[in-house]
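See structure below.
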Amino acid sequence: MSRYRIAGKGRVDSGQPIQFSFDGRTYDGLRGDTLASALLSHGLHLMGRSFKYHRPRGPVSAGSEEPNALVGTTRGPGRFEPNTRATMQELRHGLVAESQNRWPHLKFDAGAVNDALSPLFSAGFYYKTFMWPRNFWDKVYEPVIRAAAGLGRAPVAEDPDTYAARYAHTGVLVIGAGPAGIAAALTAARAGSDVTLADEGPEIGGSLLSDPGISIDGQGAWDWLAARREELDDLGVTILTRTTAIGYYHQNFLGLVEKLTDHLDEAPEGAPRERMWRIRAGHVVLSQGALEKPLIFDGNDRPGVMLAGAAQTYLNRYGVAVGERPVVVTSHDSAWYAAFDLADAGVQVPVIVDTRDEVRDDLRREARLRAIEVLTGQTVTGTAGRLRVASLTVNPVAGGTVGEARTFRCDCLLMSGGWTPSLHLFSHTKASLSWDDEAKAFLPDKSIEALEIAGASRGLWGYGAALTDGAAAGRAAAEALGQAAETTSWDVSGDRTGTGLSHGQLPTDRAPSRVRAFVDYQNDVTAKDIRLAVKEGMRSIEHVKRYTTTGMATDQGKLSNINALMIAAEALGTTPPRVGLTTFRPPYTPTTFGAFAGYHRGAAFEVTRKTPIDGWAEAHGAVWEPVGQWRRARYFPQGDEDMEAAVARECRAVRAGVGAFDASTLGKIDVTGPDAAEFMNRMYTNAWTKLAPGRARYGLLLGEDGYVRDDGVVGRIGPDRFHVTTTTGGAARVLNMMEDYLQTEWPDLDVWLTSTTEQWAVVALNGPEARRVLESLVAGLDISADAFPMMSVADCTVAGFPARLFRLSFTGELGFEINVPARHGRALWEAVMESGKAHGITPYGTEAMHVLRAEKGFIIVGQDTDGTVTPEDLGLGWTIGKTKSDFVGKRSLARPDLVARGRKQFVGLLTADGATRLEEGAQIVDDPDQPLPMRMIGHVTSSYHSAALGRSIALAVVENGRDRMGETVHVPMPGGSVAATIAPGVFYDPDGGRAKL
Amino acid sequence: MLLIHCPYCDESLPEMEFAYAGEAHIARPVDPNAVSDDEWRDHLFVRSNVRGPHYERWRHVHGCARFFNAVRDTVSDRVLGTYAAGAPRPSLADLGVEE
Ligand SMILES: [Zn+2]
């Protein structure tokens, strides 16, 4: 048995040894240990180095509030996790753990030089040290900080584990399965409530697990726990262990993370590692208990210095003595019990040092029985020891004067500064807190949620009080749900009640500048830092926090917030509630990204929408691009073509012969009803009244602010019906906007709006040969140039399928768009490809489509526009129905800023050298040699290589661009400025004759 | 996640089914051409930015798809009540809320 293990103590199984490794050395522990308790059983306290000063550190707690004992754990490739709390990691066979923030190793760390340089790292050092000289930031400070930054090392490989998620409803949700939580769950369940009880530990019991000497209704604490567990199971209570409630959201909606496999020797193949529960509860009981506060004195961070309650837990729950010669320093009765338990287990406790002048007689008597010396009215002025505490110095305090020092040899220092009620989840509900000046603690006040808060989390102390209060909370919860509940009471003997006193920093006789009394262990913030922040003008605790970083580490100041507040209040000469409490935010403890992502990863990250023709494209080697949620064929490479070659070939095919394009993703909205034309008149800039059925028109949609929101061809199917198309990405937005106006501004209009995006598959045929390909497939319609001119629409049959045929062109060539019911899309596509074979038909993708439209200067909303572009800016003033008195956005087009000169206008840009392609998004200036920052007069919106023109082309918005044709502008780039000439936006077939063939 | 009561479906449903749609009771002028530039600017851009009960629009987009109005306390983020679009602006007392 390891040296510090105490036979017969603890809930660990001495029959089940477990081997694990820490920093490359193999150790053994027992089933039921945590990594921390197993290392402590070997006398090992030094488990890590601190973040800023690289000071040696050991565990200070035994729970999830642990700031120091953070380690890296691994379980094979991709399964490395930094900052695992050694106090929470259950021991498993083969666990591999490593210490952090040290190089080359834990006992000798080069970074500890920071400790010697600590005056440089005082409060606000980020703001002070790195301000000057300016260019030092990029070259010196930032690289050095980056190299040193980070708590632990980040994992590099992809996480192979899966993470689950579940939604649930429950009547009563109890958070924390200590005595109060168990009493609440039992009471509510006995009343018939549907109860869920969650606890972050591997078993229920909370503090009772560390206090086996208590007896309840004549049963020992652990027997009582086992019986209650059985009863809870019988009552059908859902018990979630290893489950941390991380956040409390609106209307009793809580997020909880359940750890499923980290404690298992072998994780079953495919088993999820964690599960995120999202639970909506009728009523919530918060019984999270309280956290013990450290005392603030010089050298309170040496390994071996820990909370007294933690030592009691290591002893009673894990059967581990944290040392051979522990001394106790306290301002609260609770630490006395820890001393008694240790003494009773055969550990020599030389002294209990209490800061209070008066201590209960029964405690003094118990100490005397165990031959423990008692010193009251004392302060601690220092500790010594390099990698482990070896002694402490205590001094009496009388009338504010610190007296003669006395030194005690020790290998452990167990401290208690009192207890802080855990109000984290309570505070997530935006509940109010009230300051209890007696207890020096914030206590729960009011919450708008349907909740109870019970036991130590509302400042009660002792098992009897916790049980009674928990039962009352359980009863209140059941009654709130309409169930009659009875009050339960339990008879506790050997209860450990207690009170205490709270301090800021303990009095000292040393020069304040030489005292290193740590408040926030994880961020290495000392009491001196907090006083310095106050001295330098910080008044609110939120400012003190940001200036010193106290409470900003991964533990969110669970141990430090109240101490920091007390010290700040003292320094400001005011009371803690006037300084304020920092806001607790979810998550309660650090949570893996995996738990948040859950099932939403890889292909399930979001929906991939596929068109009916997607399968054909996949079979023909399409390279995909995501467009909104759609995946679209970007190009179809042949042989070893790269994108450029494939796109150039596809473009040439359309210009010279015929190409086919899957346009199914186009948004489509059916606008129907007696007032359809009136509705369209009000929504779009264009005039629709005179558009005859069978004709189509390019429509432009503005926001009420006058800026272009969407565009698309609109066909009039009948007097009361329009087939509206939208951009691929804009379909849902446009329909929402239409619905908004229809429902809320013009409810008098008799119109129905229906999304038909997914009902129609669309094949676009473009090129001079398009009609010849289509002719043999169409029935019931004459598609000759005269009978079916540009911008026509008609219902007919194509390849035997009922079809709605448009004649339009987004490429500048003769073009058709064949709409068929989606289920026929694939068959239509194949029929078109078959029919087109003789004409050399070429499938083309979105990239060629983009190039072809850019050659014609057709905009893509969202690429060439950015939400600040008017129709006039685009040269699309012609779309505006001049006789219409109103449409969405019309009034804004008359606003002074929108008619002022100097607006950016849509133009073409041609680089001097046709081989040079501008970068989309690049800024445009008049003079590339002007001083920085340059005046930017526009930017490049689209840029491609044009196969038809044999050179690069670009589209851009430029101030007054249309008045500056032929002028040269400049595009400064990292490799040098590129000159370009402003040109009309239509590069190809400016007369538009080719589309009218 | 809020529970929001859709006045048309008459059910309290998770926020995920709804989309926020800005402040309520801002009517588009009947004849926008008749309002001054400043009035139009205010109509477009100036909002009350209330601390406390805020009258706002929501759409039950993944349900009945209809727009309705809600009163939400911007401090507590609690929805105090909902009512049909076009209905007159209720007082807090109408909604049964203690001020
Ligand atoms: Zn609804």
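Values computed for the structure shown
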item	result
Single residue of the stretch A:706-738 satisfying the filter (open to solvent by less than 30 Å² (accessible area, probe 1.4 Å) and under 30 Å from B:Asp37 (Cβ atoms)) that is modelled with the lowest pLDDT	A:Gly730
Complete set of residues in the stretch A:839-895 that are on the phi > 0 side of the Ramachandran plot and touching a Lys or Arg at 6+ places or on another chain (Cβ under 9 Å)	A:Gly867, A:Gly875, A:Gly889
Odd one out for A:Ala465 among (1) assigned to a strand (DSSP E or B); (2) surrounded by fewer than 21 Cβ atoms within 10 Å (Cβ to Cβ)	(1)
Leading residue by the ranking (nearest to the chain's Cα centre (by Cα)) among those in the stretch B:42-79 that are of a type in the set (A, V, I, L, M) and within 13 Å of the ligand (Cβ to nearest atom)	B:Ala70
Residue list for the stretch A:534-550, restricted to those being outside any helix (DSSP H, G or I) and buried (at least 17 other Cβ atoms within 10 Å of the Cβ)	A:Met538, A:Thr549, A:Thr550
Residue ID - most open to solvent (accessible area, probe 1.4 Å), chosen from residues in the stretch B:42-80 that are under 16 Å from B:Tyr20 (Cβ atoms) and among the small types (Gly, Ala, Ser)	B:Ser48
Count - residues of the stretch A:321-342 that are open to solvent by 10 Å² or more (accessible area, probe 1.4 Å) and of a type in the set (Asp, Glu)	2
Evaluation of A:Thr665 against (1) in a loop (DSSP other than H, G, I, E, B); (2) open to solvent by 20 Å² or more (accessible area, probe 1.4 Å); (3) touching a strand residue (DSSP E or B) at 6+ places or on another chain (Cβ under 8 Å) (one fails), failing number	(2)
First in the stretch B:7-32 and more than 16 Å from A:Asp705 (Cα to Cα) and open to solvent by less than 40 Å² (accessible area, probe 1.4 Å), second anywhere and in a loop (DSSP other than H, G, I, E, B) and within 13 Å of the ligand (Cβ to nearest atom), Cβ under 8 Å, 6 or more apart	B:Leu13/B:His60; B:Leu13/B:Gly63; B:Phe18/B:His60; B:Phe18/B:Val61; B:Phe18/B:His62; B:Phe18/B:Gly63; B:Ala19/B:Val61
Checking A:Trp222 against (1) open to solvent by 30 Å² or more (accessible area, probe 1.4 Å); (2) within 14 Å of chain B (Cβ to nearest Cβ); (3) modelled with pLDDT of 95 or more; (4) touching a Lys or Arg at 6+ places or on another chain (Cβ under 8 Å), the condition it does not meet	(2)
Set A:Glu274, A:Glu258, A:Glu231, A:Glu292: member being modelled with pLDDT of 95 or more and closer than 30 Å to A:Ile352 by Cα	A:Glu292
Residue within the stretch B:80-90 that is more than 14 Å from the chain's Cα centre (by Cα), within 16 Å of the ligand (Cβ to nearest atom) and either closer than 21 Å to A:Asp740 by Cβ or facing chain A (nearest Cβ under 10 Å) (or both) present	no
Test: A:Arg475 is away from chain B (no Cβ under 14 Å), buried (at least 17 other Cβ atoms within 10 Å of the Cβ) and at pLDDT 95 or above	yes
Residue list for the stretch B:2-60, filter: away from every other protein chain (no Cβ under 12 Å) and among the aromatic types (Phe, Trp, Tyr)	B:Phe18, B:Tyr55
From A:Arg962, A:Arg951, A:Arg994, residue being in contact with a Pro (Cβ under 9 Å, 6 or more places away or on another chain) and within 27 Å of A:Val658 (Cβ to Cβ)	A:Arg994
When residues of the stretch A:234-255 are limited to those that are assigned to a strand (DSSP E or B) and open to solvent by 50 Å² or more (accessible area, probe 1.4 Å), the one modelled with the lowest pLDDT	A:Tyr249
For A:Ala62: the one exception among (1) in a loop (DSSP other than H, G, I, E, B); (2) touching a Gly at 6+ places or on another chain (Cβ under 7 Å); (3) of a type outside the set (Asp, Glu)	(2)
A:Ala281 farther than 17 Å from A:Cys410 by Cβ, in contact (Cβ under 8 Å) with a residue 40 or more places away in the chain and within 14 Å of chain B (Cβ to nearest Cβ)	yes
Some residue of the stretch B:48-56 being within 14 Å of A:Thr744 (Cβ to Cβ) and out of contact with any Leu (no Cβ under 7 Å at 6 or more places or on another chain)	yes
Verdict on A:Val172 being part of a strand (DSSP E or B), under 30 Å from the mean Cα position of the chain (by Cα) and over 22 Å from A:Asp341 (Cα atoms)	yes
Near pairs, Cβ below 9 angstrom, 6+ apart or cross-chain, from the stretch B:46-75 (touching a residue at least 60 places away in the same chain (Cβ under 8 Å)) to any residue that is away from the ligand (no atom under 13 Å from the Cβ) and of a type in the set (Val, Ile, Thr)	B:Ala70/B:Val79
Complete set of residues in the stretch B:66-79 that are under 15 Å from B:Met1 (Cα atoms) and away from every other protein chain (no Cβ under 11 Å)	B:Thr74
Candidates A:Gly94, A:Gly76, A:Gly8 - the one that is touching a residue at least 60 places away in the same chain (Cβ under 8 Å), small (Gly, Ala, Ser), open to solvent by 20 Å² or more (accessible area, probe 1.4 Å) and more than 29 Å from A:Gly289 (Cα to Cα)	A:Gly94
Conditions (1) open to solvent by 50 Å² or more (accessible area, probe 1.4 Å); (2) more than 16 Å from the ligand (Cβ to nearest atom); (3) at pLDDT below 95: number failed by B:Val97	(1)
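Results for (1) open to solvent by less than 10 Å² (accessible area, probe 1.4 Å); (2) at pLDDT 95 or above; (3) more than 14 Å from chain B (Cβ to nearest Cβ); (4) under 22 Å from A:Ile669 (Cα atoms), shown as yes or no for each residue.
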{"residue": "A:Asp740", "(1), (2), (3), (4)": "no, yes, no, yes"}
{"residue": "A:Asp748", "(1), (2), (3), (4)": "no, yes, no, yes"}
{"residue": "A:Ala764", "(1), (2), (3), (4)": "yes, yes, yes, yes"}
{"residue": "A:Val773", "(1), (2), (3), (4)": "yes, yes, yes, no"}
{"residue": "A:Leu777", "(1), (2), (3), (4)": "no, yes, yes, no"}
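The values are calculated or read from the model by the stated rules, or taken from the named source; none is laboratory data. As the structure is a computational prediction, the values presented were derived from the model and not from experiment. Please note: Cβ atoms are built from the backbone with ideal geometry, for glycine as well, and neighbour counts cover all protein chains shown. Note: accessible area is taken over every heavy atom of the protein model, side chains too, but ligands, DNA and RNA are not part of it. Shrake-Rupley method; radii C 1.70, N 1.55, O 1.52, S 1.80 Å.
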